[in-house]
Structure formats: structure tokens, C-alpha cells
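Trainee: I have a structure I would like to understand better, so I am pasting it below and will then ask my questions one at a time.
The values are calculated or read from the model by the stated rules, or taken from the named source; none is laboratory data. It should be emphasised that the depicted structure is a prediction, and the values quoted were computed from it without experimental measurement. Neighbour counts run over all protein chains shown; Cβ positions are idealised from the backbone, glycine included.
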Amino acid sequence: MAFFWAFLKKYIKYRNMAQTLGLELLPAGGPKRFTLAEIKAATKGFLDPIGRGGFGDVYKGELSDKRVVAVKCLKNVAGGDAEFWAEVTIIARMHHLNLVRLWGFCAEKGQRILVYEYVPNGSLDKFLFRSSRATDQSETGEAAAATDQKPMLDWGVRYRIALGVARAIAYLHEECLEWVLHCDIKPENILLGDDFCPKISDFGLAKLRKKEDMVSMSRIRGTRGYMAPEWVKTDQITPKADVYSFGMVLLEIVSGVRNFEMQGSRIESEDWYFPGWAFDKAFKEMKIHFKLVDRMVKTAMWCLQDRPELRPSMGKVAKMLEGTVEIMEPRKPTIFYLGDE
């Protein structure tokens, strides 16, 4: 009788837990639910941090089946276990070559953790931008610089990265059953596989943020330098905000410099605007003679138009990069959002 009573208590406890988390409806091939103990064992107590961002810190780990994973410990997550599980299920059902795969999650003791596939080459920014530390410091000479530098990407690889990212965002915007705004497209959220196949990370996470982290003048989703002008003007944000962010990243892929780092220009620093500078370089000084690069720059210029309705959809952006649609001559982007005037 004592054994039966203990068994019944445990059965009721786990049945209630399954009902709370919605695990009764766990789809075949869906994300696995990990215990906090399993996560700690996989990461050896969170000893190996490999990234840090607005949604939380990321640690490298290894599961019991020897799969290497990236474990993201989320912060400022809204809702209870049921809401969290519902959103995680949606994210896990998004399958695309250029999206990071979600393998599992943990919701235990107030923790909200996501377990992703590990992408070995890290983020795009490490390959695009030369480290200021390596170029500005000289105390340890060439050895320090060598460890801080990544190989430069050739034009073919840059183009494949840009096209893969465009296709993935188009999938999120136009092909998912529930369309998803990324809200934070930047080089740090574009990971590169062994063959430099790009994979977007952190998609779907914007919906998990607490209400106080929602759109407002003081708390704007995204990263400064990549946010569309309408974030400041209105709270009616559309997929065209992601289009703008992609345009900024596309210019960085072409130029290899940060959009907020002023390049050679006679304009005063407070008036300097990266897309405007790139437009002048590409179309006034006629610095570009390579058709592939010319197509990438023109596509970026259309993505960076100040009015959202002038920007193409991400599906069309992908076709522009592919060369399957004609690209009209773009007008020079401005930093000012003109609203409904």
C-alpha cells in the first residue's frame, strides 16, 4: 500500500506538470525538455561562455549523446511555463537551412533555457570587421594581432552569406504558419557553419520579452545602428523594419566596416550617415565595377529607404540578390523618417 501510494503521488505530480507545460501534446520530433541538472552537466556548470546578447548569455555544452550544443540562458522572459512552452514549440517548428536549429529547452526553478545546435565558426562580425584591439595595440606585436584576426571572406562567400540570410528572413516573414519578426538582425546574430553557410539565431525570441521591454521611446527592440527609423516614430512596426536592418548588414558585408564607424568623408560627424556615404561612393564616385557587388549595393539601398512602403519585401530582396528581377535605380537613403506626409 505504501509503495502504491508513493507511485500515485508521483504520477499525479508529473501528470499535472505535463498538463501545465503542454507536454501531453509534445509533437513527434519536437524539442526535448531538459532538466536543469542535465543542462548543468552538459555545460559543466556554465563554465564555457561563447556569447552574450540582449536575450541572454550563451554557453557551449555537450549532451550525453555527444552532440555539441549552444545553451542560451534567457533573461527578462514574460509569461508562465505554458506560455513559454507554446512559444518554444513555434520556434522549434521553424526549419530552414539558414536558421539555427532549436533542439530543446528547460523551464525549471524560474530558469528559461534554450538548447541550440552549435555553429562552429561563430558570428559573422568576427570575419567582417577588423578588431580595433589588434590594429590599435602594439604591445605584444604580431602574435596578439594574429590570434585576433579571422580570414577575410572572398566575394563569393560574402554573396552566399547575404543570399542565405535574405532567404531565411523571407521564410520567417512569408512562409511560416505564424509569421515572425526578428527585430534584431545584425552580424552578431548571423552564425557561420563549417562551410560558411549562414544561420540566423535569436529568431522568435522578441515575443518572449516582458511587457516593459516592449516598444517604447526608452526601450526599443534591436541594436542601435541597425534599427529602422520608424522605431522612433511609431509603434506600428512591420516586417519592413527587418528589411531595413538587413540592408544595413548587407552594406557591411560589402564594405567590411561597421555602419556606425565614420569613413573618409567631409561631412560633419553628427550628420554622417553610413548608407548615404555608401550611396555616394557607389553611384557618384563610380567605385564599383563588379556586377555582383553592384547588385548587392543597389539591393541594400532599396532596403534602406526611410519610408517603409518604399522598401521591398524580403522575398523580393532575395530575388533581387539572385538577379531574377530587375533592380531599378534607387534614390539616396536619408536618416529621416517622413511619416505620412
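Trainee: Being in contact (Cβ under 8 Å) with a residue 24 or more places away in the chain, assigned to a loop (DSSP other than H, G, I, E, B) and over 18 Å from Arg167 (Cβ atoms) is the filter here, so list the residues in segment 235-261 that pass it.
Mentor: Within segment 235-261, Ile237, Thr238, Gly256, Val257, Arg258, Asn259, Phe260 meet the criteria.
Trainee: Another question about this same structure. List pairs: first in segment 46-60 and surrounded by 18 or more Cβ atoms within 10 Å (Cβ to Cβ), second charged (D, E, K, R), Cβ under 6 Å, 6+ apart or cross-chain?
Mentor: Final answer for the pair search is Phe55/Asp202; Gly56/Lys72; Gly56/Lys75; Val58/Lys72; Tyr59/Asp48; Lys60/Asp48.
Trainee: If you go through segment 312-331 one residue at a time, do you hit one that is within 18 Å of Ala228 (Cα to Cα), at pLDDT below 90 and surrounded by 15 or more Cβ atoms within 10 Å (Cβ to Cβ)?
Mentor: yes
Listed here are the residues, each with its yes/no results for (1) within 20 Å of Leu181 (Cβ to Cβ); (2) polar (S, T, N, Q).
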residue	(1), (2)
Asp81	no, no
Asn98	yes, yes
Leu102	yes, no
Glu108	no, no
Asn121	no, yes
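Trainee: Condition (residue is modelled with pLDDT under 90, among the polar types (S, T, N, Q) and either loosely packed, with under 15 Cβ neighbours inside 10 Å or over 29 Å from Glu174 (Cβ atoms) (or both)) applied to segment 80-97: is it met by at least one residue?
Mentor: No, because not a single residue in segment 80-97 is modelled with pLDDT under 90, among the polar types (S, T, N, Q) and either loosely packed, with under 15 Cβ neighbours inside 10 Å or over 29 Å from Glu174 (Cβ atoms) (or both).
Trainee: Just to be sure I understand, how many residues within segment 284-299 are at pLDDT 55 or above and over 15 Å from Thr324 (Cβ atoms)?
Mentor: Qualifying residue count for the region: 4.
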